[in-house]
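Student: Below you'll find the structure I mean.
The values are calculated or read from the model by the stated rules, or taken from the named source; none is laboratory data. Note that this is a predicted model, so its numbers are computed, not measured. With ideal geometry, Cβ positions are generated from the backbone for all residues, glycine too; neighbour counts draw on all protein chains shown. With ligands, DNA and RNA removed, areas are computed over all heavy atoms of the protein, side chains included. Shrake-Rupley method; radii C 1.70, N 1.55, O 1.52, S 1.80 Å.
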Amino acid sequence: MYMLGFLIGCIFLADLSDRYGRSKLLLVSNICMVVIGVIASFSVNFWMLAIMRLLLGIFTAGARNAGFVYVCEIIKERSAAGMLHGVTYSIGGVAVTAIAHLFPHWRHFQLACALCYILYIPYYWIMEESPRWLLSQGRTEEALAYFKKSARINKVEFPENLHVYLEYQPKVEGNALSLFKTPNLRHKSLVVCTLWFSVSIVFFGMTFNAGNLAGNIFTNNYLLQASGILEFFGIWYIRLGRRLAISSAFLIACLVSAVIPIFATYGMQAGVITMSMVGKLFIETNFEMIYVVTAELYPTTARVTALGLGSSIARAGGALSPYLILSDDVWKSLPYVIFGVIALAAGLVATLLPETMNKELPDSLHQVETENLVNHVLCRVKQTTEKEDEEEKTMETVAV
């Protein structure tokens, strides 16, 4: 039910973030998560708990996607921000495992997790609204106020003519359907959705399968979650290029999934756990890299909508992964074989991604649609010029 709620939240709350702002949705979502989480801990029957978990998933999706996009829109080093987002996610995973260890009864566990969201509520009064979002909504004066405050804090000179440039920024709108409206956008969206679906199946499959590993379930969870803290290496890994990094991470996860059954066959449980940690590290790093590339591919007014679409597809994969784990009744290592095949296919699909490293974030759907065409034309002009220069040099050589 939680995964279903996350899917619903990705679809409906993403559009609200693009329409009403990142900070407002973060505030509403965090308040709702505290209230719903506390109510869930006092559920009197299964259906009440299921409904509360559904609602909790909806608002968790709203907070996570809006928060991630907000960070990418205000920080220059988007790749570093995205990877550190994954590191904090893993730290949270270790904390949740510790809470489960300390409070084994589900009511106490649920209540403890719900109260953690109180820490995020004051953020609304600390953080400013995203200036990119303000500009996309035509709220130039508020964006200027943000830039002036930033210049004052960073002790840099504020360009006096900045308002002239900002006033020419068009107000545009986007929604989920607009991501499939044109051929170039359709191609990008289909590739991105495939990657989201695949990375979610493999990630949640490896995470949920911790209960099937030999040894103590809490110890295994601590190790698997802690391995994700090493994800900070992704700050450098993603600089190989978005396309190469995502594709190679999928292929490494495929290789790990192929090695684990061999270790399991010979009873090498330490090897199985070690390789599970390596596989989870790369697939979790890939999760964050796909977050980053999705934010970089789409414009400001449709950025959270695009992340919401991808995340909703990912929740479908996450909901499917526990059922794939049940295939271990047929053969103990069959789940890893399935995850390996999915990772291999996704690694090949990732080669179709356009490269977004070191490029400015787009601000309109029109800009996204024409980007490849413009790049293609520029490349052809460059190739033609280089060819003409070579022919001219050849003629000069022959003449001499």
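Student: With every protein chain kept in the model, how would you rank 24, 188, 76 by accessible area, 1.4 Å probe, largest at the top? Walk me through the intermediate numbers first.
Tutor: On the way: 24 90, 188 0, 76 180 Å².
Highest to lowest solvent-accessible surface, that is 76, 24, 188.
Student: Mind ranking 87, 35 by accessible surface for me, highest first, 1.4 Å probe?
Tutor: Of 87, 35, the descending order of accessible area is 35, 87.
Student: Per 0.36 nm of contour for each residue apart, how much would the distance between residue 48 and residue 125 grow if the chain were fully extended, relative to their Cα-Cα spacing?
Tutor: The span from residue 48 to residue 125 would gain 24.4 nm if fully extended.
Student: Okay, moving on. So with the 1.4 Å probe, I'd like the accessible area per residue for the chain, rounded to whole Å². If you can, show how the numbers build up before the last one.
Tutor: Details: 19910 Å² over 400 residues.
Accessible area per residue: 50 Å².
Student: Here is a follow-up. Could you look at the chain and say what percent of its accessible area is carbon and sulfur, using a 1.4 Å probe and all protein chains? Provide the component values of the computation, followed by the final result.
Tutor: Working: 13660 of 19910 Å².
Carbon plus sulfur share of accessible area: 69 percent.
Student: Hey, what do the phi angles of the range 54-59 turn into as Karplus ³J(HN,Hα) couplings, whole Hz, using 6.51/-1.76/1.60 and θ = phi - 60°, x for Gly and Pro?
Tutor: 4, 5, 4, x, 4, 7
Student: For helix 183-208, report the angle its Cα long axis makes with the longest principal axis of the Cα atoms of the chain; keep it between 0 and 90° and round to the nearest 10°.
Tutor: Long axis of 183-208 versus the principal axis of the chain: about 30 degrees.
Student: Could you tell me which of the pairs 76/149; 76/155; 280/359; 76/148; 188/359 are separated by over 20 angstrom between their Cα atoms in the structure shown?
Tutor: 280/359
Student: Beyond 28 Å, how much of the Cα-Cα pair distribution for the chain remains, as a whole percent?
Tutor: Percent of Cα pairs beyond 28 Å in the chain: 52.
Student: OK, next. Just to verify a number: FRET efficiency for residue 91 and residue 320, C-beta to C-beta distance, R0 = 41 Å, to 0.05?
Tutor: 0.95
Student: Using only helices, what value at 222 nm comes out for the chain when you add -39,500 (n - 2.57) per DSSP H run of length 4 or more and divide by the total residues, to the nearest 500 deg cm²/dmol? Each step should come with its number before you reach the end.
Tutor: Numbers: 17 runs with 302 residues, N = 400.
It lands at -25500 deg cm²/dmol.
Student: Explain nothing, just the number: relative contact order of the chain, from Cα pairs under 8 Å at least 6 residues apart, as a whole percent.
Tutor: 24
Student: Hey, another quick one. For a paramagnetic label modelled at 7 Å from the Cα of residue 187 toward its Cβ, which residues of the range 329-351 fall within the zone defined by backbone nitrogen distances under 16 Å?
Tutor: Answer for this model: 349-351.
Student: So how tilted is helix 269-297 from the main axis of the chain? Cα-based, degrees 0 to 90, rounded to 10.
Tutor: For helix 269-297, the angle is close to 40 degrees.
Student: Here is a follow-up. As I understand it, the dipole of the chain uses +1 on the Cβ of Lys and Arg and -1 on the Cβ of Asp and Glu, about the Cα centre. Which of 337, 222, 368 lies farthest toward its positive end?
Tutor: 222
Student: Starting from the Cα of residue 105, step 7 Å along the direction of its Cβ; do the same at residue 76; then give the gap between the two resulting points in nm.
Tutor: 5.4
Student: Oh, and also: Run the 1.4 Å probe and let me know the accessible area of residue 127, rounded to the nearest 10 Å².
Tutor: Accessible area, nearest 10 Å²: 40 Å².
Student: Still on this structure, please answer the following. For helix 22-41, what angle does its Cα long axis make with the longest principal axis of the chain, in degrees from 0 to 90 and rounded to 10?
Tutor: Taking the Cα atoms of the chain, the angle to 22-41 is about 10 degrees.
Student: Only sites in a loop by DSSP and with at most 12 other Cβ atoms within 10 Å count here; which chymotrypsin sites (Phe, Trp or Tyr not before Pro) in the range 80-151 make the cut?
Tutor: none
Student: By how many nm would the segment from residue 208 to residue 348 grow when fully extended, if each residue of separation counts as 0.36 nm and the alpha-carbon distance is taken off?
Tutor: Residue separation times 0.36 nm, minus the Cα-Cα distance, leaves 47.9 nm.
Student: Taking 0.36 nm per residue of separation and subtracting the Cα-Cα distance, what length does fully extending residue 217 through residue 233 add?
Tutor: Details: separation 16, 0.36 × 16 = 5.76 nm, distance 2.67 nm.
Extending this stretch completely gives an extra 3.1 nm.
Student: Could you rank 116, 10 by how accessible they are, 1.4 Å probe, largest area first?
Tutor: 116, 10
Student: On to the next question. Quote the charge dipole size of the chain about the Cα centre in Debye, to the nearest 20; the model charges only the Cβ of Lys and Arg (+1) and of Asp and Glu (-1). If you can, show how the numbers build up before the last one.
Tutor: On the way: 30 positive and 30 negative charges, 235 e Å.
For the chain, the charge dipole is close to 1120 debye.
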